[in-house]
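Read the structure below first, then the notes.
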Amino acid sequence: MRHPIVAGNWKMHGSRVENARLVEELLAGCPATPAAACVVCPPFVYLQELARLLRDSAFSLGGQDVCADAQGAFTGEVSAAMLKDVGCEYVIVGHSERRLLYRESDQLIARKFAAAHARGLIPILCVGEQLADREAGRTREVVARQLEVVLELCGASALGQGVVAYEPVWAIGTGRNATPEQAQEVQAFIRARIAARDARIAAATRILYGGSVKAGNAAELFAMPDVDGGLIGGASLKADEFLAILATARPG
Ligand code: PGA
């Protein structure tokens, strides 16, 4: 049985007041014992303040990115130790916006995963193909490459202590989600790649789906056997929508 995770990626949205208001609305509407682990990933600068609001709640805090290096002369970067220090339990690594807009390589992302894991954070590794890859029949090839670099550097055990999020790039922020069958197909493939190294770890690894998840499609996506919850962007910015998504998660 895998305990599902529903994580909100708030990206670069909202002010200090708006981020705090969103947290307060989530806390007010969340059941005492939700069926999934709930995570919110606000912008870095608001983490510390929101950690105080979230203390002793059902919500965990995550960063949206992390530096691959532990400390030093890396202007603008935030280390895994700093995220831990302000109360984060999770951190997203390799989001497609980092891969595409900031040209982060598979190798850099694997080092970020390793840095987060070494500091006791739970990395959420995002993988996923672009539309052209899917149309050219290269989805498995792309996802396997993104996964293997992390497996090589960190090993199956570290990967299994983290989380994988399958996020097809064409589905992110487009309103066009993968069908439950498309998500299941790729996520079963991801699990099989991990199983090729260690079947027990693969069976326990949480694999989320992300890309235009909303209250109206979450239940059918989360019902698929290899979909263990979701990484939610736009819909996580509205408390009632995010809580409705959370309510559809079931242990599986
Ligand atoms: P979306 O974003 O839910 O707005 O498509 C998902 C993500 O970027 O993680």
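The values are calculated or read from the model by the stated rules, or taken from the named source; none is laboratory data. The shown structure was predicted, so the numbers you read here are calculated from the model rather than taken from an experiment. Heads up, the Cβs are rebuilt from the backbone with ideal geometry, glycines too, and the neighbour counts pull from every protein chain shown. For the accessible areas, the whole protein counts, side chains as well, though only heavy atoms, and no ligand, DNA or RNA atoms are used. Shrake-Rupley method; radii C 1.70, N 1.55, O 1.52, S 1.80 Å.
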| task | Hey, could you check region 5-22 for residues that are over 19 Å from the mean Cα position of the chain (by Cα) and among the small types (Gly, Ala, Ser) and say which is least open to solvent (accessible area, probe 1.4 Å)? | result | 20
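Which residue out of 234, 211, 230, 252 is modelled with pLDDT under 95 and not charged (D, E, K, R)?
On the way: 234 fails: modelled with pLDDT under 95; 211 fails: modelled with pLDDT under 95; 230 fails: modelled with pLDDT under 95.
On inspection, the qualifying residue turns out to be 252.
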| remark: Across (1) free of Cβ contacts under 8 Å to residues at least 60 places away in the same chain; (2) surrounded by 15 or more Cβ atoms within 10 Å (Cβ to Cβ); (3) over 24 Å from residue 149 (Cα atoms), residue 108 clears everything bar (3)
| Which members of region 78-102 meet the condition of being surrounded by 19 or more Cβ atoms within 10 Å (Cβ to Cβ) and over 17 Å from residue 8 (Cα atoms)? | 78, 79, 80, 99
| message | Need the failing condition index for residue 223 against (1) surrounded by fewer than 16 Cβ atoms within 10 Å (Cβ to Cβ); (2) under 23 Å from residue 121 (Cβ atoms); (3) aliphatic (A, V, I, L, M), just the number. | response | (2)
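Of everything in region 44-64 that's open to solvent by 70 Å² or more (accessible area, probe 1.4 Å) and more than 19 Å from residue 233 (Cα to Cα), which residue is farthest from the ligand (Cβ to nearest atom)?
As a first pass, look at region 44-64 and keep what is open to solvent by 70 Å² or more (accessible area, probe 1.4 Å): 44-45, 48, 52, 55-56.
After this cut, where a residue has to be more than 19 Å from residue 233 (Cα to Cα) as well, the list is 48, 52, 55-56.
On the way: 48: 23, 52: 25, 55: 25, 56: 27 Å.
The selected residue is 56.
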| message | Give all pairs with beta carbons closer than 8 Å in which a residue from region 85-105 that is free of Cβ contacts under 8 Å to residues at least 60 places away in the same chain and away from the ligand (no atom under 16 Å from the Cβ) meets a residue that is assigned to a helix (DSSP H, G or I) and of a type in the set (Gly, Ala, Ser); count only pairs at least 6 apart in sequence or on separate chains. | response | 86/51; 87/51; 88/51
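Of a type in the set (S, T, N, Q), within 15 Å of residue 113 (Cβ to Cβ) and open to solvent by less than 30 Å² (accessible area, probe 1.4 Å), is that true of residue 146? First the steps, then the outcome.
On the way: of a type in the set (S, T, N, Q): yes; within 15 Å of residue 113 (Cβ to Cβ): yes; open to solvent by less than 30 Å² (accessible area, probe 1.4 Å): yes.
In short, yes.
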| query | Does any residue of region 65-77 turn out to be surrounded by fewer than 21 Cβ atoms within 10 Å (Cβ to Cβ), over 18 Å from the mean Cα position of the chain (by Cα) and at pLDDT below 95? | reply | no
| note | Restricting region 67-91 to residues that are hydroxyl-bearing (Ser, Thr, Tyr) and part of a loop (DSSP other than H, G, I, E, B), the one farthest from residue 125 (Cα to Cα) turns out to be 75
| remark: When region 1-18 is checked residue by residue, the ones that are within 18 Å of residue 49 (Cβ to Cβ) and in a strand (DSSP E or B) are 8
| said: For region 172-205, which positions are under 18 Å from residue 7 (Cβ atoms) and open to solvent by less than 50 Å² (accessible area, probe 1.4 Å)? | reply: 172, 177, 178, 183, 187, 190, 205
